[in-house]
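The values are calculated or read from the model by the stated rules, or taken from the named source; none is laboratory data. Computed from a prediction, not measured in an experiment: that's the story for all the values here. Cβ: placed from backbone, ideal geometry, glycine included. Neighbour counts: every protein chain shown.
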Amino acid sequence: MAIQTACAESQETRILPLLNPQTRARHDLSKRVDTIPTFYAEMSGEELDRRIDAARQELGTRLVVMGHHYQRDEIIKYADYRGDSFKLAQMAAKHPEADYILFCGVHFMAESADILSGPHQQVILPNPAAGCSMADMANIAEVEECWQMLTEQLGDDAGIIPVTYMNSAANLKAFCGRNGGIVCTSSNAPAVMRWAFSRGKRVLFFPDEHLGRNTALKYGIPEHQMTVWNPKDPMSSVDAEEEIERARIILWKGYCSTHMRFSVQQIEKARAEYPDIKILVHPECRREVVEAADLYGSTEYIIQQIEKAPAGTVWGVGTEINLVHRIAKEHPEQHIFCLDPIVCPCSTMYRIHPAYLAWVLEALLQGEVINQVSVDEQTAHWARVALERMLATA
Ligand code: SF4
């Protein structure tokens, strides 16, 4: 059975793994099981709730459950912590007593939790098909090819600092660690940009073109000093060499399919309907959307802005729909809606279903660890170097 990635309005009842070789484990150490037993896939919601509760109780403090903001409510209700990817990885590191970290999010997040947690801890991604389409837009072979082409063209004093978004595979974070680079999140990207330009002349930013551009503009770099690197067709334009020479920012051609759905037309429509509306969007949106908004920032920033707003505020929000629905429910004193009325949830986050939680938790009770995400020591070492540089910029 194929993964169902239907919109919020769909009647989706059960999700089974995607048997796609491209989504298989990225590391030899990752033990991945591709097929959830039909028994769990066919279980009722009530039965799953009962089993998950019982297993959590039995595992006690040996287990900690992390829930990313974009997870659906049926998952979030089991989370000991909810947050963005970085906050959750930090929380994982603060629970050395937990033998198991159940990460309800996507693959790169589970990797980061493994890198930042202790060697005695095991990180589990309930459904190994939960990847991130943006993270998958940059792989290590393409990044190394790009690095080689850039350094060959620009010479020894190229001064390129590689910066990877948190939403990337561990081996790309390790690449940054080894090459004098750093990791950033959507909250600290401007500070990371400052860090990079205090050490080099150019930034190679991957995998999200839009976060890179929005951050660089905020930092004061004009668009004509940026160029886009298309890994599928590098250096193809006639003036590619000139553009690279001129560029202070080289933006990887990657994007988040969820945040690319937001448009200036949606903002104009919302403003026409509610003249006092505040438009709040995520920096993974296109430049023109960010410019048309009143405010933009990370998931945590979006939550904070709404939490501190007075009753009666009207918000049009441009980010993942599970989060928008949840904030709207938690703040009935304000009017909060998603700018895209038919927006789908992040299709990869959606691959975590309670059936997977019940399956992996009951396996733990039997002493079996299913779908562990484990990063090899060398990769983890260099990725940690890049992550620690980021922490030191705070
Ligand atoms: S919302 Fe976008 S960036 Fe976040 S996990 Fe989904 S695809 Fe990746």
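Mind checking which pairs have a first residue in segment 309-332 that is within 21 Å of Met260 (Cβ to Cβ) and a second that is in a loop (DSSP other than H, G, I, E, B) and away from the ligand (no atom under 16 Å from the Cβ), Cβ under 8 Å, 6 or more apart or different chains?
Pairs found: Trp315/Ile277; Trp315/Ala309; Trp315/Gln334; Gly316/Tyr274; Gly316/Ile277; Gly318/Ala293.
Just the residues that are closer than 28 Å to Ala135 by Cβ and acidic (Asp, Glu), please, taken from segment 325-367.
The answer is Asp340, and nothing else.
Anything in segment 67-89 that is closer than 16 Å to Thr299 by Cα and either away from the ligand (no atom under 16 Å from the Cβ) or part of a strand (DSSP E or B) (or both)? List them, or say none. Quick ask: steps written out before the conclusion?
Step one: filter segment 67-89 for residues closer than 16 Å to Thr299 by Cα, giving 67-72, 76, 81-89.
Within segment 67-89, Gly67, His68, Tyr81, Arg82, Gly83 meet the criteria.
Going through segment 70-99 one residue at a time, which ones are crowded, with 21+ Cβ neighbours inside 10 Å and under 13 Å from His353 (Cβ atoms)?
Residues satisfying the conditions are Gln71, Arg72, Ile75.
Failed condition for Glu209, given (1) closer than 20 Å to Glu291 by Cβ; (2) over 21 Å from the mean Cα position of the chain (by Cα), with all others met?
(2)
I'm told Asp73 meets every condition in (1) within 25 Å of Ala174 (Cβ to Cβ); (2) touching a residue at least 24 places away in the same chain (Cβ under 8 Å) except one. Can you identify the failing condition by its number?
Here Asp73 meets the rest and fails (1).
Conditions (1) small (Gly, Ala, Ser); (2) in contact (Cβ under 8 Å) with a residue 24 or more places away in the chain; (3) not assigned by TED's automatic domain parsing to the domain that holds Gln304, marked per residue:
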site: Ile221; (1), (2), (3): no, yes, yes
site: Met226; (1), (2), (3): no, yes, yes
site: Asn230; (1), (2), (3): no, no, yes
site: Pro234; (1), (2), (3): no, yes, yes
site: Glu268; (1), (2), (3): no, yes, no
site: Ala272; (1), (2), (3): yes, no, no
site: Lys278; (1), (2), (3): no, yes, no
site: His282; (1), (2), (3): no, yes, no
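I need a count of the residues in segment 46-66 that are over 13 Å from Leu365 (Cα atoms) and either of a type in the set (D, E, K, R) or not in a helix (DSSP H, G or I) (or both). Give the steps one after another, and end with the answer.
As a first pass, look at segment 46-66 and keep what is over 13 Å from Leu365 (Cα atoms): 46-50, 61, 64-66.
Of the ones still in play, those that are also either of a type in the set (D, E, K, R) or not in a helix (DSSP H, G or I) (or both) are 46-47, 49-50, 64-66.
Residues that pass the stated criteria total 7.
How many residues, within segment 310-322, are closer than 29 Å to Tyr255 by Cβ and modelled with pLDDT of 95 or more?
Count: 6.
I'm trying to understand the selection: among the residues of segment 51-78, which are under 22 Å from Ala328 (Cα atoms) and not hydrophobic (A, V, I, L, M, F, W, C)?
Residues satisfying the conditions are Gly67, His68, His69, Tyr70, Gln71, Arg72, Asp73, Glu74, Lys77, Tyr78.
Just to verify a result, which residue in segment 131-170, among those that are among the β-branched types (Val, Ile, Thr) and under 22 Å from the mean Cα position of the chain (by Cα), is farthest from the ligand (Cβ to nearest atom)?
Ile161
Grab the helices (runs of 4 or more DSSP H) fully contained in segment 271-368, keeping just those with 2 or more residues being more than 16 Å from the ligand (Cβ to nearest atom) and touching a Pro at 6+ places or on another chain (Cβ under 8 Å).
Because the criterion is at least 2 residues that are more than 16 Å from the ligand (Cβ to nearest atom) and touching a Pro at 6+ places or on another chain (Cβ under 8 Å), the helices (runs of 4 or more DSSP H) in segment 271-368 that meet it are 354-365.
Would you mention how many residues in segment 90-112 are of a type in the set (A, V, I, L, M) and either modelled with pLDDT of 95 or more or within 14 Å of the ligand (Cβ to nearest atom) (or both)?
Qualifying residue count for the region: 6.
Report, by residue number, each residue of segment 142-163 that is free of Cβ contacts under 8 Å to residues at least 40 places away in the same chain and on the phi > 0 side of the Ramachandran plot.
Scanning segment 142-163 gives a single hit, Gly155.
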